[in-house]
Amino acid sequence: MTKEPGTNLESAMQMLIKTFHKYSGKEGDKYTLSRGELRELLTEELGNYLGSAQDKDAVEKVMNDLDSNNDGEVDFTEFIILMGALTVACNDFFQDKPGEEEKKEEKKE
């Protein structure tokens, strides 16, 4: 990735790619995440959102849910499915929360 991103969305896409490859290939195939690599990625990169990433059963469930081809590893496509699902969940969560302006209006009433 030599081209500098021009937009926030391009930056986000590059960050997803870089983050995946930061963890993939430490064990075995450099284009997939093993269970250990996935656990490390979830803990280091998503710890605030997935506080239970240290929990072996939670990581195992995520791995089993993502590993659509049952090869015991998570490839980039499967990783992006996780990121998309988490982004949708965050969006849904924050849509249900009143924003700062709405909170100020509620206090005035």
Inset, instruction - Could you tell me whether region 2-15 includes any residue that is touching a residue at least 24 places away in the same chain (Cβ under 8 Å) and at negative phi? - result: no
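Of all helices (runs of 4 or more DSSP H) completely enclosed by region 30-108, which ones contain at least 2 residues that are under 19 Å from Phe20 (Cα atoms) and either open to solvent by 70 Å² or more (accessible area, probe 1.4 Å) or at pLDDT 75 or above (or both)?
Where helices (runs of 4 or more DSSP H) fall fully within region 30-108 and carry at least 2 residues being under 19 Å from Phe20 (Cα atoms) and either open to solvent by 70 Å² or more (accessible area, probe 1.4 Å) or at pLDDT 75 or above (or both), they are 35-46, 56-66, 76-95.
The values are calculated or read from the model by the stated rules, or taken from the named source; none is laboratory data. Bear in mind that the values here come from a model prediction, so they are computed numbers and not experimental data. Reconstructed Cβ throughout: ideal geometry from the backbone, glycine too, with neighbour counts over all protein chains shown. For accessibility, only protein heavy atoms count, side chains too; no ligands or nucleic acids. Shrake-Rupley method; radii C 1.70, N 1.55, O 1.52, S 1.80 Å.
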